[in-house]
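The structure appears below as structure tokens.
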Amino acid sequence: MKILEELNRGDHARWLLFVVFYAIVANLPFWTASPFLGLMRNGLFCLEYVGVGLLALFLPRIVAGVLLLLAITADLIGGVSQTFYISPAECLRSSSFLYLLSGTRLLMVAGVAILSLLVAAFAAFFPIEKIRDNHRLFAAMCLVAFAVVSLTADCVTMYLGTGRLPNPFRLSIPTDSAKLSYLEKLSFSRLPAIRLVRNEIRGNVVQALAAETDASLVSSSTAVAVRSAGITVDESNRQKPNLVVVLVESWGLVGDSSIRGALAQPYFQPDLIARYEVSQGTVPFYGPTLAGEARELCESKIGFHLLNASAQELQGCLPDRLVALGYHSIALHGMDGHMFNRLKWYRSIGFQERWFRDQFRQQGLPDCVGAFTGTCDAAIAEWIRSRLERQDENPNFVYWMTLNSHLPVPTPAPLAGGDSCSFAPLLSQQSAFCSWYQLVANVHHSVSKIAMSKLARPTVFVIVGDHPPGFANPLLRGQFASEVVPYVVLVPRRDVRGASLSAGSHDRPPTAAARIGGN
């Protein structure tokens, strides 16, 4: 408030401070949220703040403060929407799950909220009426010049790099909810309100297209595995293999072949290859984690509609189909069951057992710290191993949505013996990238241990990513394919599984080399 008192005593610097405030200082909430909450930096300066500044020269101060607060809110929602591949409406619906964040993350969110209010309060109390008419003209000219220079710099950079000019109103629907290639270079300007409208329209169009699309047209690694394993209605329950589907949080297709190979290495150990036929490939991703779940469980693009889908709409999904074949279906997730209403739609989709953090706690499984504190992935893997070693009359379908590799990842990774990052320069140089690698590798090691255990019956494993990791750092985000995610399928060999299970289809999914080459 002392600054405002000084401004009331003299006007020679008011208009200059006014320009600096709306052009630069107003960006502080987003600049703070970007590194601490892991939001994408869609541009250095928000030009909509500049627009609010132009209006503030002629509007009541309280109106200027409210407009700026709305612009900051739109900016932050736009960052969350772009980072986590969700539409603005989905972002707002997801805000009801904020209480599930870790204590540290909640403090960060609270800090950004308080900073936003302070910036808006400064705008509401700024003595605009003290700026004389000629100085108001200077202020307006400076704000306009700032916006023009920022936009021009972005246009020149994009044109030199891509041969086209930026178009914030482009509404074409890519195979993914957000293209990643444009993030290789940081732009000067961002227009969050336009981005919010565009992303919301895209989200609505994608959902409309999904409703009209035959689900069988959507690629799913789980469907490939079911065909490869020859799981059919003709087999008796005694003959059917277990099926384990692991959807790995933020496992994207990394461009560096050494990192890609290191992540898959646990499945290519001699002892494991002797027991399983191992296949690799990629499938498209269409958005955030829920979209990955819809892809693998329903071969569909319905995404967030899972939250509201009726049991009738979900009848053709994999859990319901496998239960009809005599399987016992189990869904596992290390978070609270109310997160994204999984407690409800896991039941509607056909899972007979549903295990979440509360149930795992009762079993004594430990929690791990991360973006969302929840049951440790390695502990859930051990739970799965114990369950599959048990002699059951019916085969089990186990679906596990992992948790610990959700961004932003803790650095260093909270693992007793994480894989070394020294073999790849970028891993060793970027602590967040290293933590992501170690946490995803931890899941792969855990699943390979399950596969090598003395299970009660042969078991088919599907390990697949939900979407690429949403790194805020453009350098790291650019390391991943923008349209596909990887998968690994383990099918027991005939001599391990038994001749009675070898009569089904044995079509093999495409090799990694065949699928990765075009990315």
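Derivation of every value follows stated rules applied to the coordinates shown; laboratory data play no part. Not measured: the values here are computed from a predicted model. Cβ atoms come from the backbone with ideal geometry, glycine included; neighbour counts cover every protein chain shown.
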Using the number of other C-beta atoms within 10 angstrom as an exposure proxy, rank Arg390, Arg457 with the fewest first.
-> Arg390, Arg457
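With a sphere of radius 12 Å drawn around the Cβ of Ala294, what net charge do the other residues whose Cβ falls strictly inside it have (Lys, Arg +1; Asp, Glu -1)?
Working: positive: Arg295, Lys301; negative: Glu293, Glu296, Glu299, Glu313, Asp466.
Spelling it out: positives minus negatives among the neighbours equals -3.
Sort 480-486, 129-135 by the packing proxy (mean of other Cβ within 10 Å over each peptide's residues), most packed first.
Details: 480-486: 21.9, 129-135: 12.6.
Ranked from most to least packed, the peptides come out as 480-486, 129-135.
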Grab the Cα-Cα distance for Leu475 and Leu28, subtract it from 0.36 nm times how many residues apart they are, and report the gain in nm with one decimal.
-> 158.7 nm
Output ³J(HN,Hα) for the stretch 290-306: one whole-Hz value per residue in order, computed from phi by the Karplus curve 6.51 cos²θ - 1.76 cosθ + 1.60 with θ = phi - 60°, and x for Gly and Pro.
-> 4, 5, x, 5, 5, 4, 7, 8, 10, 6, 9, 9, 5, x, 5, 5, 4
Diffing the stretch 312-319: the Karplus 3J(HN,Hα) column from phi (6.51, -1.76, 1.60, θ = phi - 60°), in whole Hz with x for Gly and Pro, holds 5, 5, 9, 4, x, 6, 4, x
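Nearest 0.05, what FRET efficiency do Met452 and Ala113 give at R0 = 45 Å with Cβ-Cβ as r? All intermediate terms of the calculation are to be shown ahead of the outcome.
Values: r = 48 Å, r/R0 = 1.07.
The calculated FRET efficiency here is 0.40.
What net charge is computed for the residues neighbouring Leu439, neighbours being all others with C-beta under 9 Å from the C-beta of Leu439, Lys and Arg scored +1, Asp and Glu -1?
Cβ neighbours under 9 Å give a net charge of -2.
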Two-site FRET efficiency, Ile273 against Leu16, from Cβ-Cβ distance with R₀ of 51 Å, rounded to 0.05 = 0.15
Amide H partners (placed H, <5 Å) of Ser250, local residues excluded = Asp466, His467
In order over the stretch 254-266: 3J(HN,Hα) from phi, Karplus 6.51/-1.76/1.60, θ = phi - 60°, whole Hz, x for each Gly or Pro, gives 7, x, 6, 5, 5, 5, 4, x, 5, 5, 8, 4, x
Around Tyr399, which amide H atoms from residues at least 5 apart in sequence, or from another chain, sit under 5 Å from its own amide H, with H modelled in the peptide plane?
-> Val245, Ile330, Ala331, Leu332
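Would you kindly state how much longer the chain becomes between Leu325 and Leu54 on full extension, computed as 0.36 nm times their sequence separation minus their alpha carbon distance, in nm to one decimal?
Details: separation 271, 0.36 × 271 = 97.56 nm, distance 6.57 nm.
So the chain would gain 91.0 nm between Leu325 and Leu54.
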Of the GluC sites (Glu not before Pro) in the stretch 327-411, which ones lie in a loop per DSSP and count no more than 16 other C-beta atoms within 10 Å?
-> Glu389, Glu393
